[in-house]
Amino acid sequence: MTEDQRTYRADDLAAFLSSAFIALDVPETDARQVAELMTRADLLGYDTHGAFRLRQYVNRLRDGGTRAQAEVKVLTETTATALVDGGDGLGHLGMGFATDLAITKAGEHGIGWVGVRNGNHAGPASLYVNRIAEAGMIGIVGAVGSANHVPPFGGLDLLLGTNPIAISVPGGDAPPFVLDMATTTAAAGKIKVLAQRGEPMPEGWMIDRDGNPMTDPTRQSEGLLVPIGGAKGYGLAMAIGLLGGTLNGAAFGKDVVNFSKDTTSATNTGQFVAALSIAAFGDPEVFRASIDGIFRDFRESTPLPGHSPVRIPGQQRGDIQDDRSTNGIPLHPNLVRTLNDIAGELGLPAFAEL
């Protein structure tokens, strides 16, 4: 937390987010569900995917690109798979539905794979793999990014998004392993946050169209995001796009709509959720005990000189959540101003005083 940031109670933030959605004709149950997931993202430290995204969601609801009253439904289904239509609604609704359905199918058949079409930006993928881990299962989630910021390796045309992937593996006594990553060196949301805060971005996140490093986040639209590992990151992003987009009849490649710039068109965002039942492969108690031992071995690994102790991916999020649940969620003053501006536009009381 920076010196100029104040903290805010999670309940207050969730109530404000919910009221904003309700003011835009989102049904109360849906509004509260999305608001709670956005707030949980902030509690877990995903500051680029919580309240920060309200401006984009409000613009799209106001301009018709996102439907306030969306019908989420199953289009096709087998015993272990399904294709869900998100109804062009707020993306958290379709992804929450798909996650619960994948868990149910995995409990009955060992695996559940659910694709989503006609979805929207749904926050961090970890929200959904965490839910699967809480159900005692292994989770995998992938999504087509909500705008194209990345060219194919060796090219200049923007045909790929950050296309995130997340994987969760539950332990026994230990918190779950949770990998949640973009397929680019930095997620686009992090660059948007730096621009809002008036801070530079590190070299290596973006390059201009001549291949030179960029450090001004306000020029994001002029540059290219850099994939992780060069051609490997490009290949992974494309694989996620084919599974989350093309397989589901959702947008991928040149058909992706920039959900920030185009607030009137449906995005047809595609995602997938997979849940694996540990019991389908063996005794869950033996598995969880083995996982705890593996995690312990990794954490006790000798750190390099000058480095912090080895951590298991995702486990520090629990500490962040505990701290923010007790001490509040830090929000930058510029974000608070944006929330207050939205309140004024919607005829709501201001979120907070600066």
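The values are calculated or read from the model by the stated rules, or taken from the named source; none is laboratory data. Bear in mind the structure is a predicted one, so any value in this text is a computation, not a measurement. Cβ coordinates were reconstructed from backbone atoms using ideal geometry, including for glycine residues, and neighbour counts include every protein chain displayed. Please note that ligands, DNA and RNA were not included when accessible areas were found on the heavy atoms of the full protein model with its side chains. Shrake-Rupley method; radii C 1.70, N 1.55, O 1.52, S 1.80 Å.
For the pair ALA289 and ASP210, a Förster radius of 41 Å applied to the C-beta separation gives a FRET efficiency near 0.15, rounded to the nearest 0.05.
Among LEU158, LEU127, LEU44, the residue with the largest mean-square fluctuation in a Gaussian network model of the chain, with springs joining Cα atoms closer than 10 Å, is LEU158.
What percentage of the solvent-accessible surface of segment 203-354, computed with a 1.4 Å probe over protein heavy atoms, is contributed by carbon and sulfur atoms? Carbon and sulfur: 53 percent of the exposed surface of segment 203-354. Among beta bridges from DSSP that stay inside segment 9-127, the antiparallel ones total about 45%. Put the Cα centre of segment 15-77 next to the Cα centre of segment 328-354 and the gap is 16 Å. Extension gain for the segment SER301 to ALA239, taken as residue separation times 0.36 nm less the Cα-Cα distance, is 19.0 nm to one decimal.
Using the alpha carbons of segment 21-89, what is the convex hull volume per residue in cubic angstrom, as a whole number?
Numbers: hull volume 7.4 nm³, N = 69.
Enclosed volume per residue, from the Cα hull, is 107 Å³.
Converting phi to 3J(HN,Hα) with the Karplus coefficients 6.51, -1.76 and 1.60 and the offset θ = phi - 60°, segment 190-203 yields 5, 5, 4, 5, 4, 5, 5, 8, x, 10, x, 9, x, 5 Hz in sequence order, with x at every glycine or proline. Based on Cα contacts under 8 Å between residues 6+ apart, the chain shows a relative contact order of 22 percent.
Largest mean-square fluctuation among ILE165, ILE22, ILE132, in a Gaussian network model of the chain whose springs join Cα atoms under 10 Å apart, belongs to ILE22. Between ARG6 and VAL74, the modelled label-to-label distance comes to 4.8 nm, taking each label 7 Å out from Cα in the direction of the beta carbon.
Would you work out the relative contact order for segment 102-227, in percent, from Cα pairs under 8 angstrom that are 6 or more residues apart?
Numbers: 223 pairs, mean separation 22.7, N = 126.
For segment 102-227, the relative contact order is 18 percent.
If you count Lys pairs in the chain whose Cα atoms are under 27 Å apart, skipping same-chain pairs closer than 8 places in sequence, the total is 9.
Surface calculation, 1.4 Å probe, protein heavy atoms: SER260 sits at approximately 40 Å² accessible.
Residues considered: PHE272, PHE177, PHE281. Largest GNM mean-square fluctuation over the chain, using C-alpha springs under 10 Å, is found at PHE281. Rounded to the nearest 10 square angstrom, LYS73 shows an accessible area of 80 square angstrom against a 1.4 Å probe. For a paramagnetic label modelled on GLU345 (point 7 Å from Cα along Cα→Cβ), amide N atoms under 16 Å away belong, within segment 13-46, to 17-26.
Modelled label positions at THR104 and ASP322, each set 7 Å beyond Cα in the direction of Cβ, lie 3.5 nm from each other. Proximity of backbone amide H atoms, modeled 1.01 Å from N, is registered between ARG6 and LEU331 at under 5 Å, excluding neighbours fewer than 5 places apart on the same chain.
Residues of segment 218-250 with backbone nitrogen within less than 19 Å of a virtual label 7 Å along the Cα-to-Cβ line of GLU203, please, listed as ranges. Zone members listed by number: 218-220, 223-230.
How large, in percent, is the carbon and sulfur part of the accessible surface of segment 6-156 at a probe radius of 1.4 Å?
49
For LEU354 and THR246, the FRET efficiency from 1/(1 + (r/R0)^6), where r spans their Cβ atoms and R0 equals 45 Å, is about 0.50.
Of the GluC sites (Glu not before Pro) found in segment 27-107, the ones in coil according to DSSP and having at most 16 other Cβ atoms within 10 Å of their Cβ are GLU71. Here P(r) over Cα pairs in 20 Å bins from 0, in percent was computed from the coordinates, and among [x] 29, 61, 10; [y] 27, 57, 16, 0; [z] 30, 50, 19, 1 the match is [x].
Can you work out the accessible area per residue across the chain, with the rest of the protein chains kept in place, probe 1.4 Å, in square angstrom? Walk me through the numbers on the way to the answer.
Values: 15860 Å² over 354 residues.
Result: 45 Å² per residue.
Label positions at ARG311 and ARG219, each projected 7 Å from the Cα along the C-beta direction, are separated by 3.2 nm.
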